1. Scan segment 374-397 and report the pairs whose first residue is within 14 Å of residue 430 (Cα to Cα) and whose second residue is not aliphatic (A, V, I, L, M), with Cβ atoms within less than 7 Å and a gap of 6+ or a chain change.
2. I'd like to verify a number: residues in segment 400-441 that are charged (D, E, K, R) and assigned to a helix (DSSP H, G or I), how many?
3. Please specify each residue of segment 197-230 satisfying the condition of being near the ligand (Cβ under 10 Å from one of its atoms) and at positive phi.
4. Any chance you could count how many residues in segment 452-468 are within 15 Å of residue 167 (Cβ to Cβ) and assigned to a helix (DSSP H, G or I)?
5. Can you list residue pairs whose Cβ atoms sit under 6 Å apart, with the first residue in segment 9-38 being under 22 Å from residue 75 (Cα atoms) and surrounded by 13 or more Cβ atoms within 10 Å (Cβ to Cβ) and the second being of a type in the set (Val, Ile, Thr) and modelled with pLDDT of 95 or more? Count only pairs 6 or more apart in sequence or on different chains.
6. When the residues of segment 82-110 are filtered to those that are of a type in the set (Lys, Arg) and not in a loop (DSSP other than H, G, I, E, B), which remaining residue is nearest to residue 294 (Cα to Cα)?
7. Could you list, in sequence order, the residues of segment 443-490 that are surrounded by fewer than 23 Cβ atoms within 10 Å (Cβ to Cβ) and of a type in the set (Asp, Glu)?
Amino acid sequence: MNTTRCDRTPSWAALQARFETSGRSFDLRPEFAADPLRFASFSQSAPHVFADLSKNLIDEATQALLLDLARESGLESHRDAMFAGAKINSTEQRAVMHWLLRNPPLALTDQGRADIKNVATELAQVHSTLDAMLAYAEAVRADADITDVVNIGIGGSDLGPQMAVLALDEFVTPGKRFHFVSNVDGHELAAVLKKVKVESTLFLIASKTFTTIETMTNAHSAKAWFEAQGGTHIARHFAALTTNVAAANNFGISTTFGFWDWVGGRYSVWSAIGLPLAIAIGAPGFRAFLAGAHDMDEHFRTAPLAQNLPVRLGLLDVWYRNFHGFTSRSVAPYHCALKRYPAYLQQLEMESNGKRVDASGEALPFSTSPVVWGEPGTNGQHAYFQMLHQGTDVVPVEFVAVKKPLHSLPGHHTLLLANVLAQAQALMLGKADAGGHKHFTGNRPSTFLLLDELTPTSLGALIALQEHRVFVSGSLWGINSFDQWGVELGKVLAKDVEARLLSGDTAGLDGSTAGLLARLQA
Ligand code: F6P
């Protein structure tokens, strides 16, 4: 692998110069007026997703420089190393192979791919685990006595399956309810336990490490509740989804589905962590979800950079963050079933790329992950879109819309589509003929992602697209997008504070923590 941090390439300096001469003053409106082909030049199809990038603050010359930046940074070599199973998660000495979870079996894989042979053993394990997990999912689906599935997990062991089960609600089997418990706040588990019955509930304990304190606390409480209600058949009512099968067995769970250390938590919905989704939409649905993602993997792996959608999105992210200095990106799915999509993307991007040192540990002289945030439209329009249109900061917006709805209520979808198009239009066009409070500067960038329908296949492709765009910016920035040391300090301190809450000992604490602790104990 041959990579160079983006700021050490010749194109970085060229982009800085470009930004000063025409980037800062770039205006979308004259660009559209001067170029009737702008939409065609800056839009493209990728598997299951159409993307209109034309309302972004770039022109052909800037895009060409960004593509040079990608080449000079060694993006292709880094990407190929990931797809060859190299240990690119350098701080943990692990390969990064969530993509392998959606790869067809070796016999069905393009035999021209020499690199896949490096990971043939892992691929065989992936498929035997997948087959076992899907057979179990089908058995649970067929079991009319199980009416409630409670997933206990946090972070990647919660957000992926939760986001996907909600998103694919139209495909969820009738007769089963799905609950997601992540927070250590007992209100969450207590509320779910009030609704379910021992004999009809399946608890899935989802934890890559099987050590995460929130998940273990909730799992112990769920098991205690189960036993207190007279439940005895743990093997039928509890299953564990984990890389640490031994710890699950020690906990008393014998039904386990494993995965591997080369699957990062926030990339794990494709593994056994996806079991709630598999139960919800069935084995064919889950396979379609994997297939959609695999189609996007192939696009990312093989399409030329200039027509590679994850690459183009990742390069825009770098352009906005490092040259325009935009600090956040708002995601606006115009589909109410995508309500957890913003939260899912927050973990994906901010846990992956929220780093201040490069892979060698050297402090970075430029900014990395933007803040990613949002809500489904049209709700966001009546909340924070005021700031997007007239606030002092420019926030690029990434819309997602679907062509065909899965309901038949007349009029709604046309109205929804009218709103998403109008918002993108308003951000760009602004309103110059009014002054003061009624003035809109316009020229605010947005990307428009369009799916035909929200199905298991298109959702899989959309999520894989997002994974790879995060890879692209992380790769150019020279950071390790696959570790998360930043979550450790809080965990260690929480242990100490928990002991102090029990003992009342405030010795050596900072004044604020000591003051709050004393107040909590009074
Ligand atoms: O927040 C840190 C983290 O390790 C995430 O990366 C992960 O998704 C989450 O905790 C849960 O971890 P586990 O699946 O091991 O319980």
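The values are calculated or read from the model by the stated rules, or taken from the named source; none is laboratory data. Source: prediction; values computed, not measured. So basically every Cβ, Gly included, is an ideal-geometry build from the backbone, and we count neighbours across all protein chains shown.
1. Taking only residues 6 or more apart or on different chains, the pairs are 385/423; 388/330; 388/444; 389/440; 390/440; 394/326; 394/444.
2. 1
3. 210
4. Count: 11.
5. 18/62
6. 102
7. Of everything in segment 443-490, those that are surrounded by fewer than 23 Cβ atoms within 10 Å (Cβ to Cβ) and of a type in the set (Asp, Glu) turn out to be 452, 453, 483, 488.
A quick yes/no check of all residues on (1) more than 18 Å from residue 478 (Cβ to Cβ); (2) among the β-branched types (Val, Ile, Thr):
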residue: 302; (1), (2): yes, yes
residue: 322; (1), (2): no, no
residue: 332; (1), (2): yes, no
residue: 343; (1), (2): yes, no
residue: 351; (1), (2): no, no
residue: 354; (1), (2): no, no
